[in-house]
Amino acid sequence: MDYGYSGEVLLTSVLRVPKGLKPGQAEKLSAQVHWLVCKDICVPGQVGVTLRLPVKDSASALNSKTVDLFKTTRRKLPKTMPKDWKVSSDLSPNEFRLSFETDQEVSSASFFPSHPDEIENAAPQTFHSTGKTFQMGLKRSEQLLKNIPSLEGLLVATEKSGEQAGYTIKVPLSVRR
């Protein structure tokens, strides 16, 4: 089991504009794109793409649908975990236990690791909430042969209102004896 996307997806990237570009010029962007389309089986695909973009002195002629798509995507990008949240953890031979004290009530949460082979991706993640505190249990991967100092990844939290937010987290781990 692994992680993927469904529906419409916008993958952003930072582009560095060459110095000295002037309105009226055009800049060529090229990329080699690789992907997997998966349902019951995975089918790989790849393509080379090229786009020539005209250099303009203002953004007045931008397509409003495209502008809205980028604004929506930027709003959904993960944020740094709020500084007033408190997180503690421990690591047992079989699982990671994460505890969060937050400034809001969270009704559900999911964790997506930054590094492979730390948690079992296909294993259910346990979640328990009491007021503004919640705990998560993540099954330790059988591939993880030594203890790690921290667990890094993306925490997606759903508030009681239904609003979702993603947070990048790095949780120091304490070994449970």
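The values are calculated or read from the model by the stated rules, or taken from the named source; none is laboratory data. This is a predicted model, so every value here is computed, not measured. Ideal geometry is used to build each Cβ from the backbone, glycine not excepted, and the neighbour counts take in all protein chains shown.
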Scan of region 9-45 for residues that are part of a loop (DSSP other than H, G, I, E, B), touching a residue at least 12 places away in the same chain (Cβ under 8 Å) and β-branched (Val, Ile, Thr), ordered by number:
12
Could you check how many residues of region 93-131 are within 24 Å of residue 144 (Cα to Cα) and not in a strand (DSSP E or B)?
13
Quick one: in region 141-161, of everything that is touching a residue at least 24 places away in the same chain (Cβ under 8 Å) and not in a strand (DSSP E or B), which residue is surrounded by the fewest Cβ atoms within 10 Å (Cβ to Cβ)?
149
Hey, does region 54-70 have a residue that's under 19 Å from the mean Cα position of the chain (by Cα), touching a residue at least 40 places away in the same chain (Cβ under 8 Å) and outside any strand (DSSP E or B)?
yes
For region 96-140: of the residues being closer than 17 Å to residue 166 by Cα and touching a residue at least 60 places away in the same chain (Cβ under 8 Å), which is surrounded by the fewest Cβ atoms within 10 Å (Cβ to Cβ)?
112
Could we say that residue 90 is under 30 Å from residue 156 (Cα atoms) and part of a loop (DSSP other than H, G, I, E, B) here?
no
Determine which single condition residue 161 fails, assuming it passes every other condition in (1) under 14 Å from residue 96 (Cα atoms); (2) of a type outside the set (A, V, I, L, M); (3) modelled with pLDDT under 90.
(1)
